[in-house]
1. Would you mind pulling out the separation of the Cα centroids of the range 49-81 and the range 97-157, in Å?
2. Cβ under 14 Å from residue 65's Cβ, residue 65 left aside: what net charge do those residues give with Lys, Arg +1 and Asp, Glu -1?
3. Taking the range 88-157, which chymotrypsin sites (Phe, Trp or Tyr not before Pro) meet the DSSP loop condition and have no more than 16 other C-beta atoms within 10 Å?
4. What is the sum of charges around residue 130, taking Lys and Arg as +1, Asp and Glu as -1, for the other residues whose C-beta is under 14 Å from the C-beta of residue 130?
5. Return the loop-located trypsin sites (Lys or Arg not before Pro) in the range 50-157 (DSSP other than H, G, I, E, B) with at most 16 other Cβ atoms within 10 Å of their own Cβ; answer none if there are none.
6. From the phi of every residue in the range 56-73, what ³J(HN,Hα) in whole Hz does the Karplus formula 6.51 cos²θ - 1.76 cosθ + 1.60 yield, where θ is phi - 60° and glycine or proline is x?
7. Among 140, 128, 83, what is the fewest-to-most ranking by other Cβ atoms within 10 Å?
8. Once you sort the root eigenvalues of the Cα gyration tensor of the range 41-157 as a ≥ b ≥ c, which label holds: rounded (a/c under 1.5), prolate (a/b larger than b/c) or oblate (the other case)?
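Derivation of every value follows stated rules applied to the coordinates shown; laboratory data play no part. Since the model is a prediction, treat every value here as computed from it, not as a measurement. Note that we place each Cβ from the backbone using ideal geometry, even for glycine, and neighbour counts take in every protein chain shown.
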Amino acid sequence: MKKYLLALMFAFCLLGVEDLKSQETALSKSNTSPVFSNIPSAIQEKNQSFFQFIEKNEIAKAFDILLDNSPLKNKEEQVKNLIEQTKQSIVLYGKVVANEPVSSEIASSSLIRLRYLGVHTNFPMRWIFTYYNSPKFGWIVINVKLDDMSEYFFSDE
């Protein structure tokens, strides 16, 4: 009887793991995340495109896409600094292999902040994007921040 129960429990565990794996695969294949279910798809797609180029180590191209129509694109020194910070993070923390949506804040119907975990080979990074729904251009990035303060994803201990 004990062997039967153990075998049954083992089977349920395997089914649970397989179910989680299939859910994870489905999420990774889609551009949306349950964490960002209330975020416009245009923003999510722009960020996923950004991270795809970062993962290919095409940093300048990634920022070119992300900052399309953004007034930040005209701030050459700031863009150059973001590109250098990103390159330096790869040197320090390893190649970016994935990204994980963490949280979002909607300040108003025109202002949204998204937080992602950048999965590097050696150490995680925190990415924060602030979007503004411009009456002229639609959703544009107005602020980008990256740092290694991933512990701030957690509430106070």
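1. Here the answer is 15 Å between Cα centres.
2. With Lys, Arg at +1 and Asp, Glu at -1, the net is -1.
3. In loop regions of the range 88-157 (DSSP not H, G, I, E or B), the sparsely surrounded chymotrypsin sites (Phe, Trp or Tyr not before Pro) are 137, 154.
4. In short, +4.
5. 56, 75, 95, 136
6. Rounded to whole hertz, the list is 8, 6, 9, 5, 4, 5, 4, 6, 4, 5, 4, 8, 4, 6, 7, x, 5, 4.
7. 83, 128, 140
8. oblate
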